[in-house]
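Notes for the one structure printed next.
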Amino acid sequence: MGSEKNKTLKEITKNKYQYGFVSKIETEKFKPGLNKKIISLISSKRDEPSWMLEYRLKAFDALQKMTPPNWANLKIKPIDLQKIIYYAAPKKPKYNSLDEVDPELLKTFNKLGISIDEQKKITGVAIDIVVDSVSVATTFQKTLKKLGIIFCSMSDAIKHHSELVKKHLGSVVPYTDNYFAALNAAVFTDGSFCYIPKGVRCPMELSTYFRINEAGTGQFERTLLVAEKDSCVSYLEGCTAPMRDENQLHAAVVELVALEGAEIKYSTVQNWYPGDEKGNGGVYNFVTKRGICFNHAKISWTQIETGSAITWKYPSCILKGNNSIGEFFSVAVTNNFQQADTGTKMIHLGKNTKSTIISKGVCAGKSNGSYRGLVKIAKSAENARNFSQCDSLLMGQNCGAHTFPYIESNNNSAIVEHEATTSKISDDQLFYCKQRGIPEEEAIGLIVNGYCKDVLKKLPMEFAVEAQKLLEISLEGSVG
Amino acid sequence: MLKIKNLNVSTADNIQILKNLNLTINEGEVHAIMGPNGSGKSTLASVISGDPKYIIKTGEITFFGENLMELEPEERAVLGLFLSFQYPVEIPGISLNNFIKTALNQKQKALKLKTLSPKFILERIKENAKILKINLDFIKRSVNVGFSGGEKKRAEIFQMLMLEPRLSILDETDSGLDIDALKIVAKGVGRLRNGKSSFVIITHYQRLLDYIKPDFVHVLSDGKIIKSGGPEIAKMLEEKGYEWI
């Protein structure tokens, strides 16, 4: 029986990454390399105001004094920033109507299962699509505009909503924050900007879809989401990339600002190319995501991380305001040679602040998954509450699950709870399912979905089904 | 439908459990298997349904002419084999409802039949829940998680009714059940007893057999069937114990 299982394991880990195609889109791109000239070119290419270029150059100066972080539980080949292409864009990047869109590009979206046209009509999800370095399509802008909601590409935002961007960009993640945040600030090319005015509840899901297409390019997108007083928004992002033998770098920054009484729900389904079964290729995913909550505000991060060769990502909340709430719900799946070091930081500054962390790690193949989380209760945070639950599910003999929880409490009134479990899918569970006629592959999918249910149910409906399927695909045949 | 010939079975650490066991079950028959603890009753149930924990040394098991030993447990299930587990397994986060739907549709898929509509499944769920006096809220709970002993067994019988197997093996389904629950289990079996479906009832006690009348009773001891006959054997065992044989 053991050998049969190994056979299934081998067969299925060969399972092709289904988004691994390359689209033949005419692209304009820069030469590889990172220097002030390239940064100026990026800025001028995008018609940016001078303050933006100055900001980028300052970030570049900061970057040169920094080194890549090495504290994570990850083995990474050194990344040569000079070998990366920092700007690549479909030649005709922006369209007024769908009829003008390059048919190849539309085909790409159809293959990815997102028909922009259908999205527009049926699902009621407004999407912004970023291919390589630029945003190529944003839907539903007019409907949103009536409510005063701004949802557009970062380039458009810098041009048309300069003051808002200037005020908030870097306010949550300054370029001095870390190496990859500095890199992003220097070279970011596009991303999404979203602004919800005071008291407005955004009537639809806002969504951005990221796609790396060109070889040798990095993707450095920047997302900024500002929710004014008492507003409410749910935002989702998805991402895929072609299969390539090289490692592609993705270093994004996401900043959320939840002003008094505002609520932001931010969901991610990350499915960058994870590399092949021998560990070749795959996206290096270094992402800084952070939100700040003012009084009575709430930020909720939900992430399903199944892709990337390397994931380094800690969506965090600064609970600055009194009575503010931070949440982090995560499923991180690693298979083959994938490595993930992910978790969150909950920084409690205000009084009566609350945070909840639910992290579910699933490790298969020869992969390694780590949860790394910090719960910090500042002296000022009277009556702060935190509950953390970190579970790991191991599949097979050759993977590793690690948990690194850090708790720092400087206020005696705080209550911080931490629970952790490590488990395996038992042979008894598998046999039980199989006896009912459910084959091994499906049984594993079912059991893992059950294990991740607490997190999956936090996803918006539109994404929940997709995420469940994704989990099944990522783990097919991974019991060895 | 089920033929077992000269079956020898061991555990992974080579302890022989079943020794030259022979058993034939025809369509529509109910067989009770009794015997002292450790005689191999549960092992027999597990081996028929394909539990990889046991190693078949020699012998044959066929089900409707198919060599069961070449089939995966799920393939056996699709052929119509069902095991009511002695110790049902917990699957956190998956509702009984979702679980049974998945099982039904995987079976349809394996048989290259159309997916059953949620409406159709719901009707069947309601119908069977009523027979077993199961509250619909119970169906929404995670499979066997936090179920009492009685609830677990009832959930097993519920799955049996949903899957409509051709051969059901009830492994000590009556253990730990009160008299009302016992009647409900018997009712469930009665529901499927239509002259075509067959049952193997593994039990320690005569009392279940008061409600489910077996056609045959076998006594298993030290891995062998040492006595076979009609319901009278069960009565004798109840009165005199295994010493009698």
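Structure data summary
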quantity	calculated
Members of region B:89-100 found to be more than 7 Å from every other protein chain (Cβ to nearest Cβ) and farther than 18 Å from B:Asn135 by Cβ, listed by number	B:Glu90
Hey, B:Ile202 under 16 Å from the mean Cα position of the chain (by Cα) and within 25 Å of B:Ile125 (Cβ to Cβ) or not	no
Any hit, region B:35-56, residues being over 15 Å from the mean Cα position of the chain (by Cα), away from chain A (no Cβ under 14 Å) and of a type in the set (D, E, K, R)	no
Of all residues making up region A:27-60, the number that are surrounded by 13 or more Cβ atoms within 10 Å (Cβ to Cβ) and assigned to a helix (DSSP H, G or I)	17
Subset of region A:424-454 that is among the charged types (D, E, K, R) and more than 31 Å from the chain's Cα centre (by Cα) - its residue that is farthest from the other protein chains (Cβ to nearest Cβ)	A:Asp427
Residues satisfying the stated conditions in region B:5-34, i.e. over 18 Å from the mean Cα position of the chain (by Cα) and outside any strand (DSSP E or B)	B:Ala12, B:Asp13, B:Asn14, B:Ile15
Number of positions in region B:105-121 that are buried (at least 17 other Cβ atoms within 10 Å of the Cβ) and more than 8 Å from chain A (Cβ to nearest Cβ)	2
Which numbered condition B:Ser84 fails, given (1) surrounded by fewer than 18 Cβ atoms within 10 Å (Cβ to Cβ); (2) in contact (Cβ under 8 Å) with a residue 60 or more places away in the chain; (3) under 19 Å from A:Ser426 (Cα atoms)	(1)
Some residue of region A:458-479 being within 14 Å of chain B (Cβ to nearest Cβ), closer than 20 Å to B:Ile100 by Cβ and either crowded, with 17+ Cβ neighbours inside 10 Å or aromatic (Phe, Trp, Tyr) (or both)	yes
Tally of residues being touching a Ser or Thr at 6+ places or on another chain (Cβ under 7 Å) and assigned to a helix (DSSP H, G or I) across region A:148-176	2
Condition check for A:Lys469: of a type in the set (Lys, Arg) and within 30 Å of A:Ile347 (Cβ to Cβ)	no
Which listed residue, of B:Arg191, B:Arg154, B:Arg166, is at pLDDT 95 or above and among the basic types (Lys, Arg)	B:Arg166
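The values are calculated or read from the model by the stated rules, or taken from the named source; none is laboratory data. The structure displayed is predicted, hence computed values, not measured ones. All Cβ positions, even for glycine, are placed from backbone atoms using ideal geometry, and neighbour counts span all protein chains on display.
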